[in-house]
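Novice: Dropping the structure in here first, questions after.
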Amino acid sequence: MAKVKTSFYCQQCGAQYAKWQGQCSSCKAWNTIAEEVISTDKKDWKATKSKSKQKPTLVKDIKYQQEPRLLTQNKEFNNVLGGGIVPGSLTLLGGEPGIGKSTLLLQIALQLPFKTLYVSGEESQQQIKMRAERITTSFSNCYILTETKTQQIFKHIENFEPEIVIIDSIQTLHSDYIESSPGSISQIRECTSELIKYAKESQVPVILIGHITKEGSIAGPKILEHMVDTVLQFEGDRNHVYRILRAHKNRFGSTNELGIYEMQGNGLREVNNPSEILISSSKENLSGTAIAATLEGMRPLMIEIQALVSTAVYGTPQRSTTGYHAKRLNMLLAVLEKRAGFRLGAKDVFLNITGGISVDDPAIDLAVIAAILSSNEDIAIEKNICFAAEVGLAGEIRPVTRIEQRILEAEKLGFSYILISKENKIADKNYHIKIEKAGRIEEVISFLFG
Ligand code: TYD
Ligand code: MG
């Protein structure tokens, strides 16, 4: 019998040690190092001799063919991937439990015009059927397999020859070649490398679902993210209906694209024009709301910012934000106090970005300030005005990137005015929307409240 070989791995970052220690020297986490058995038996699931014929080649002599990508029926998903699924690629979809990863991929799988294999280690076939019935009524080419052992999965794949494989989830898989439990670092690493080998050899794309830890990184080693070609993140507030799909890493496209979905009773709906739903449709002018033209990735988005300013009842005034950096709010309040003379030191300030999304685009600063002032003065801002500018510490209104895109989105949604920085250069175009410019915060105040 072969000697059992073991090694110690940090369960958080994947660093390897020869012996146990209390703290990981690499990521400084305590009590995360565990012993795992690594067997050195032959690892191949199919004995393949690698006979590499690669030699150094001049860049200009390298020939390649643009591989046709597999297009899903889900336009947002194609977009985020950079125009469809690349043959032979490995994609990892990460997200918190319950966010809708299984729903998204099952929905895509059910509509694919190719022979699809959906491998689930988490739910039974009946459970998946129930979910599939909620989502759609036509089940075309999608086969479900409930299996967690990679060798078995490959055996089925060999007989069945799918054109795309979806694995839900990588943390439930285990390989016979490794003796540690499913979900451990060495299992995840081994199963992923077996899948990579399969994908690259057969040119069949594989999509993996990966769970996310409390800290927000994909559970298991960081290594997983390095191994795959594309890392997608599915995020959103579970109590809200909107979900955002974005690429964190993409070897075949940009990471600036993002897709927006709405979770409904019958699955995820693609939201093609997110601005419309993020802005409340009420006709009334309410004080304390302002609309910002922001960018999520490459996509312009109009969002509504709500502020509530009221006299503090308890000793220390409260500052609370949802979807926005609290520190940035404090900074803007200090600017208002120092540069525009508003006494907000004794007031509670609450700030909320509607729709449960969070934004860190500095271009929404001006709208934040406008919402705070509007609530403080109890004067509503006209519904047809929107904002796109950063506010500096000196109370100056600063230019923002991609202003044309923001203006066009505001125009498309029927706004009459957009307030931007005096220094923002815009290409001469005929906009229907009126562009108001301001250089200092005082000018904004007099524009808004006369
Ligand atoms: P799920 O895809 O199981 O999440 P994950 O795989 O990321 O853990 O879906 C989670 C939630 O979505 C679940 O709480 C119920 C809800 N849901 C709907 O609202 N509508 C639907 O049609 C489906 C299938 C799920
Ligand atoms: Mg799931």
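The values are calculated or read from the model by the stated rules, or taken from the named source; none is laboratory data. The shown structure was predicted, so the numbers you read here are calculated from the model rather than taken from an experiment. All Cβ positions, glycine included, derive from the backbone under ideal geometry; neighbour counts span all protein chains shown. To get the accessible areas, we keep the full protein, side chains included, count just its heavy atoms, and leave off ligands, DNA and RNA. Shrake-Rupley method; radii C 1.70, N 1.55, O 1.52, S 1.80 Å.
Novice: Could you please find all residues in the range 49-72 being surrounded by 10 or more Cβ atoms within 10 Å (Cβ to Cβ), at pLDDT below 90 and among the polar types (S, T, N, Q)?
Specialist: Once the filter is applied, which keeps residues that are surrounded by 10 or more Cβ atoms within 10 Å (Cβ to Cβ), at pLDDT below 90 and among the polar types (S, T, N, Q), the range 49-72 yields nothing.
Novice: Can I ask one more? Would you point out the residue of the range 152-207, among those that are of a type in the set (Ser, Thr, Tyr) and within 16 Å of ligand 1 (Cβ to nearest atom), that is surrounded by the most Cβ atoms within 10 Å (Cβ to Cβ)?
Specialist: Ser169
Novice: Can you list residue pairs whose Cβ atoms sit under 9 Å apart, with the first residue in the range 128-139 being farther than 15 Å from Tyr118 by Cα and the second being near ligand 1 (Cβ under 10 Å from one of its atoms) and not in a helix (DSSP H, G or I)? Count only pairs 6 or more apart in sequence or on different chains.
Specialist: Pairs that qualify, where the first residue is farther than 15 Å from Tyr118 by Cα and the partner is near ligand 1 (Cβ under 10 Å from one of its atoms) and not in a helix (DSSP H, G or I), are Arg134/Gly265; Arg134/Asn266; Arg134/Gly267; Ile135/Asn266; Ile135/Gly267; Ile135/Leu268; Thr136/Asn266; Thr136/Gly267.
Novice: Right, something else. Scan the range 396-418 for residues that are open to solvent by 60 Å² or more (accessible area, probe 1.4 Å) and not in a helix (DSSP H, G or I) and jot them down.
Specialist: Correct list: Arg398, Thr401, Arg402, Tyr417.
Novice: For the range 267-284, which positions are out of contact with any strand residue (DSSP E or B) (no Cβ under 8 Å at 6 or more places or on another chain) and either modelled with pLDDT of 80 or more or within 16 Å of ligand 2 (Cβ to nearest atom) (or both)?
Specialist: Once the filter is applied, which keeps residues that are out of contact with any strand residue (DSSP E or B) (no Cβ under 8 Å at 6 or more places or on another chain) and either modelled with pLDDT of 80 or more or within 16 Å of ligand 2 (Cβ to nearest atom) (or both), the range 267-284 yields Gly267, Asn272.
Novice: Right, something else. Looking at the structure I just gave you, is Ser39 hydroxyl-bearing (Ser, Thr, Tyr), in contact with a Gly (Cβ under 9 Å, 6 or more places away or on another chain) and either at pLDDT below 90 or open to solvent by 60 Å² or more (accessible area, probe 1.4 Å) (or both)?
Specialist: no
Novice: Could you tell me which residue of the range 56-100 is farthest from ligand 1 (Cβ to nearest atom), considering only residues that are farther than 22 Å from Ser254 by Cβ and in contact with a Gly (Cβ under 9 Å, 6 or more places away or on another chain)?
Specialist: That would be Glu96.
Novice: Still on this structure, I have one more. Which numbered condition trips up Ala427, out of (1) out of contact with any Phe, Trp or Tyr (no Cβ under 9 Å at 6 or more places or on another chain); (2) over 18 Å from Val368 (Cα atoms); (3) modelled with pLDDT of 90 or more?
Specialist: (3)
Novice: Give me a count of the residues in the range 101-120 that are farther than 20 Å from Ile260 by Cβ and either within 12 Å of ligand 1 (Cβ to nearest atom) or open to solvent by 60 Å² or more (accessible area, probe 1.4 Å) (or both).
Specialist: 4
Novice: Looking at (1) within 16 Å of ligand 1 (Cβ to nearest atom); (2) surrounded by fewer than 21 Cβ atoms within 10 Å (Cβ to Cβ); (3) of a type outside the set (Gly, Ala, Ser), which one does Arg243 not meet, given that it meets all the others?
Specialist: Just one mismatch for Arg243, condition (2).
Novice: Out of the range 276-299, which residues are open to solvent by 40 Å² or more (accessible area, probe 1.4 Å) and closer than 17 Å to Leu351 by Cβ?
Specialist: Passing the criteria: Ser280, Leu286, Ser287.
Novice: Further question: Out of curiosity, is Ala380 touching a residue at least 12 places away in the same chain (Cβ under 8 Å) and either closer than 25 Å to Phe415 by Cα or out of contact with any His (no Cβ under 7 Å at 6 or more places or on another chain) (or both)?
Specialist: Yes: the conditions hold for Ala380.
Novice: May I pose another question? Being open to solvent by 10 Å² or more (accessible area, probe 1.4 Å) and not aliphatic (A, V, I, L, M) is the requirement here; does Ser421 meet it?
Specialist: When the stated conditions are applied, Ser421 does not pass them.
Novice: Out of the residues in the range 430-446 meeting the condition of being more than 33 Å from the chain's Cα centre (by Cα) and at pLDDT below 90, tell me which one is surrounded by the most Cβ atoms within 10 Å (Cβ to Cβ).
Specialist: His432
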